[in-house]
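Colleague: Just dropping this structure here.
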Amino acid sequence: MRTAVRRPESPVGLVRALELMRFAAVGATSTVLYLALYAGLVLTGVGFLLASVLAFLPVVVYSYLVHDRWTFRTRTPTHRGLGRWLLLQGTMLGLNSLALWGLVVQAGVNRLLAQVLLLPLLPPTTYLLSRRRVFGAT
């Protein structure tokens, strides 16, 4: 009787899986930093939309640098890559802000809870666009 032997994953599949794990690790770190900044600003009286933008700015720079060097292993950061990253992140910030406004103002959800609810929605799109349009295109 033959026993089925499982073939190892292809190198491309393994590389992609490791890249996705690195992306998730950077995303988790960025999320913690963002939430800490956002909560600190909101709890000190800053409006929730302004707090969202102010917390976003340092985190977007951190995440670009780490994704560039570690996640996607780009050889050299470029102004063009940074420009694409800022455009992508600005778009994601706009979508997040619109959804945050809808949850807080229209639905009456707590300002902090609303942001926590939105956090898992954007990363899959961000990963795909980062891989194809930002770090793969530089």
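Colleague: Would you confirm whether or not segment 30-44 contains a residue that is loosely packed, with under 15 Cβ neighbours inside 10 Å, closer than 25 Å to residue 19 by Cα and touching a residue at least 24 places away in the same chain (Cβ under 8 Å)?
Modeller: No; the residues of segment 30-44 include none that is loosely packed, with under 15 Cβ neighbours inside 10 Å, closer than 25 Å to residue 19 by Cα and touching a residue at least 24 places away in the same chain (Cβ under 8 Å).
Colleague: Now for a different question. What do you reckon, is residue 85 touching a residue at least 12 places away in the same chain (Cβ under 8 Å), among the aromatic types (Phe, Trp, Tyr) and closer than 24 Å to residue 39 by Cβ?
Modeller: Against the criterion (touching a residue at least 12 places away in the same chain (Cβ under 8 Å), among the aromatic types (Phe, Trp, Tyr) and closer than 24 Å to residue 39 by Cβ), residue 85 does not qualify.
Read-outs throughout are calculated quantities, based only on the coordinates presented, and are distinct from any laboratory measurement. Keep in mind it's a predicted model, so treat the numbers as computed, not measured. Reconstructed Cβ throughout: ideal geometry from the backbone, glycine too, with neighbour counts over all protein chains shown.
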